[in-house]
Amino acid sequence: MNYLIWNIMDANTRPKINPTMIFYHGTHAFFERFEDSFRGSNTAWDNTVHGFFFADKRENALLFGDTIITANLEVKNPLDLRLHSIFNDESQASIIWNMLTCEKIDNNTALKLIKDEISLGEIHDMYGSLHSIGAHEMMLEAGYDGIISDLGDEQIEYVVFQAMQITLLSIDREKFRGYTR
C-alpha cells in the first residue's frame, strides 16, 4: 500500500505523505537514532545525497539491510521525482528544469521543454543531475523537505531531508549482521 494522499479533483495538487502512517528503513548499521551527519552512509547510491530513505513495505526496506527501523515521517512538501511526475506535473517543472540546466523559467515552459528535450536514452543522465549536491541545495531553497521517487517495480520510496523529520517507532535487529557506527 502506498501512503500518498491525492486530491484527484485537482491535477495541480501536490502529493502529501500521511504523517501517521508507518514506514520502514533497512540498514546494515547499528544505531539508535538518525543523525544528519550519517546521511547516505549506508549505500553508495548517488541519490543518498538527499537524505534518509524509507519504504511503505517492510520487504522493500529489507533490500537495504537486515535491521528494519519502523518510523513515521514528517514531510510537508515533497518533490515528486517519479518518472511520470517529472514529465507531467507542471507545478514542479520549473525547479526540475533549473536543476538540469541552471536556467530559471516558468512551470508551463519548463514542462514543455522537459517533454521535448529529454528522451528515453537520457533518463539516466537526467537522474544523475537530479541527484547532485547542487540539485539538493536547489530543492532546499525552493522549500522542498523530501522526495517521492521510484524504487522500482512500481514501488515508491520516500526520502526525508533531515533526521528531525523522522519519529522512530521501533528497531528490529532480529537478523542483524551489520556494523556499529
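The values are calculated or read from the model by the stated rules, or taken from the named source; none is laboratory data. Bear in mind the structure is a predicted one, so any value in this text is a computation, not a measurement. Methodologically, a virtual Cβ is constructed for each residue, glycine included, from the backbone with ideal geometry; neighbour enumeration extends over all protein chains shown.
Couple of notes before you dig in:
- Inter-residue pairs, beta-carbon under 6 Å, first within 20 Å of TYR144 (Cβ to Cβ) and in the stretch 96-124, second outside any helix (DSSP H, G or I), 6+ apart: ASN98/LYS104
- The stretch 66-88: number of residues that are farther than 20 Å from GLY128 by Cβ, part of a strand (DSSP E or B) and of a type outside the set (A, V, I, L, M, F, W, C): 4
- Filtering the stretch 155-169 to residues that are crowded, with 16+ Cβ neighbours inside 10 Å, part of a strand (DSSP E or B) and out of contact with any Gly (no Cβ under 6 Å at 6 or more places or on another chain) leaves ILE156, GLU157, TYR158, ILE166.
- Among residues of the stretch 138-154 being surrounded by 21 or more Cβ atoms within 10 Å (Cβ to Cβ) and small (Gly, Ala, Ser), the one that is modelled with the highest pLDDT is GLY146.
- Condition check for GLY121: under 30 Å from GLU59 (Cα atoms) and part of a helix (DSSP H, G or I): no
- Residue-level analysis places ASN108 among those that are at pLDDT 95 or above, polar (S, T, N, Q) and not assigned by TED's automatic domain parsing to the domain that holds PHE53.
- Qualifying residue in the stretch 25-41 (condition: without any contact (Cβ under 8 Å) to a residue 40 or more places away in the chain, loosely packed, with under 14 Cβ neighbours inside 10 Å, in a loop (DSSP other than H, G, I, E, B) and of a type outside the set (Ser, Thr, Tyr)): no
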